[in-house]
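Novice: Shown below is the structure under consideration.
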Amino acid sequence: GDVASYLLGYTKNKELDDGNTYMVGELGIEGYYNSELTGISGYIKYEKDGRGNIIANSNEYREDAIDGDDVYLTIDSSIQLFIENEVKKAQDTSKAEWVLMGVMDAKTGAILGYSSTPSFDPNIRNLKNYMDPLVSYAYEPGSTMKTFSYMCAINSGKYNGSDTFMSGSKTYVSARDENDTVTIKDWNEGKGWGRISYDFGYAMSSNIGVANLLENVITKNELKACYDSYGFGKKTGITLNGELTGDIAFTYDVEAATAGYGQGIMITPIQMLQALTIVSNNGIMLKPYIVSKIVDSSGKIILENKKEELGTKVSSETVTKIKA
């Protein structure tokens, strides 16, 4: 059916330059590892008479076919089944155009399952979109980015969670017209919570709290450097076709403020999963992977993926503070 369809992809028959028709993988694992899965075709050469019969005792050359490699995924079937059910339930009970759910092993980076709607059945290829949402869909992350903005501020060594600011709204010079202004607001219709601490602002998901961080604690260039270090704005390198880089560019103060709470920038779901491993591994970021190993036709393991650390991005003290 449509279980893990974007992950697995599909195959179709295609005529290649040599005039023969082959099964070719498209999308997902079928597409990315097409050459490994295909193997090598066998053939036989021999002499024949005018009727096409093999001439007895003539020269013959045979090249046996070599089976394609076996690609083993990190997917946990139980988790995948749960995800499939929950994604469909979320789609049926909401007005969302797309629903995506992914689960990663927080301590290794292995993707244990992911699914999205609308999906498709590889047998009938009823696709509405050829892009895999996990890697090929960039979106505004919204308030989930506040964790990384605060993480950047805390790790700078200049953050004091008990310092206060006035929540509610904040006005900037417009990025489009320096003679105009633009006002950003907290999510509760700009009411805010009065004068509050930065720590409380994080707990309340205050947009203005982040904006004040960008004015009083870290610079917009420091925030951009942190986002870049956390893997946003570039590919993770996961072995799926069509991965996007997203876009975390911003220039003006108001753009930096909105970027701090996840608006005006674009990321991918796989980037978010990767960045969250910083929190679950005491500041060390892990690379996501979806293939556990590849085994050739003789049974030899030719590739084996394991936990891969991408460096320490913040201190363990910063992570402890974020979790608190």
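The values are calculated or read from the model by the stated rules, or taken from the named source; none is laboratory data. These numbers come from a predicted model, not from an experiment. Virtual Cβ from ideal backbone geometry, glycine too; neighbours counted across all protein chains shown. Accessible surface is based on the protein model in full, side chains and every heavy atom, while ligands, DNA and RNA are left aside. Shrake-Rupley method; radii C 1.70, N 1.55, O 1.52, S 1.80 Å.
Novice: Quick one: in the stretch 148-167, of everything that is free of Cβ contacts under 8 Å to residues at least 60 places away in the same chain and touching a strand residue (DSSP E or B) at 6+ places or on another chain (Cβ under 8 Å), which residue is most open to solvent (accessible area, probe 1.4 Å)?
Specialist: Among residues in the stretch 148-167 that are free of Cβ contacts under 8 Å to residues at least 60 places away in the same chain and touching a strand residue (DSSP E or B) at 6+ places or on another chain (Cβ under 8 Å), the one most open to solvent (accessible area, probe 1.4 Å) is M166.
Novice: Now, a different point. Just the residues that are modelled with pLDDT under 95 and at negative phi, please, taken from the stretch 223-242.
Specialist: T239, L240, N241
Novice: Would you confirm, using the coordinates I've provided, whether I111 is within 16 Å of P269 (Cα to Cα), open to solvent by less than 50 Å² (accessible area, probe 1.4 Å) and either in contact (Cβ under 8 Å) with a residue 40 or more places away in the chain or out of contact with any strand residue (DSSP E or B) (no Cβ under 8 Å at 6 or more places or on another chain) (or both)? Explain how you work it out, then say what you get.
Specialist: Working: within 16 Å of P269 (Cα to Cα): yes; open to solvent by less than 50 Å² (accessible area, probe 1.4 Å): yes; either in contact (Cβ under 8 Å) with a residue 40 or more places away in the chain or out of contact with any strand residue (DSSP E or B) (no Cβ under 8 Å at 6 or more places or on another chain) (or both): yes.
The answer is yes for I111.
Novice: Here is a further query. Would you check if K128 is in contact (Cβ under 8 Å) with a residue 12 or more places away in the chain and in contact with a Phe, Trp or Tyr (Cβ under 9 Å, 6 or more places away or on another chain)? Lay out the reasoning, then the answer.
Specialist: Values: in contact (Cβ under 8 Å) with a residue 12 or more places away in the chain: no; in contact with a Phe, Trp or Tyr (Cβ under 9 Å, 6 or more places away or on another chain): yes.
Spelling it out, it is not the case that K128 is in contact (Cβ under 8 Å) with a residue 12 or more places away in the chain and in contact with a Phe, Trp or Tyr (Cβ under 9 Å, 6 or more places away or on another chain).
Novice: Given (1) in a loop (DSSP other than H, G, I, E, B); (2) farther than 30 Å from K185 by Cα; (3) open to solvent by 70 Å² or more (accessible area, probe 1.4 Å); (4) not basic (K, R), identify the lone condition not met by F120.
Specialist: So the condition that F120 fails would be (3).
Novice: Now a separate question. Within the stretch 23-52, which residues are open to solvent by less than 80 Å² (accessible area, probe 1.4 Å) and assigned to a loop (DSSP other than H, G, I, E, B)? Outline the logic, then answer.
Specialist: Narrowing the stretch 23-52 to residues open to solvent by less than 80 Å² (accessible area, probe 1.4 Å): 24-31, 33-34, 36-39, 41-42, 44, 49, 52.
L27, Y33, G39, S41, G42, D49, G52 - these are the residues of the stretch 23-52 that are open to solvent by less than 80 Å² (accessible area, probe 1.4 Å) and assigned to a loop (DSSP other than H, G, I, E, B).
Novice: Looking only at the stretch 225-243, how many residues end up being closer than 15 Å to M285 by Cα and open to solvent by less than 30 Å² (accessible area, probe 1.4 Å)?
Specialist: If we filter the stretch 225-243 for residues that are closer than 15 Å to M285 by Cα, which is where we start, we get 226-232, 234-238.
Subset that is open to solvent by less than 30 Å² (accessible area, probe 1.4 Å): 226-227, 230-232, 236, 238.
Counting residues in the stretch 225-243 that are closer than 15 Å to M285 by Cα and open to solvent by less than 30 Å² (accessible area, probe 1.4 Å) gives 7.
Novice: In the set A4, A90, A65, which member is at positive phi and either open to solvent by less than 60 Å² (accessible area, probe 1.4 Å) or of a type in the set (A, V, I, L, M, F, W, C) (or both)? Don't jump to the end; show me each part of the working.
Specialist: Values: A90 fails: at positive phi; A65 fails: at positive phi.
From the options A4, A90, A65, the qualifying one is A4.
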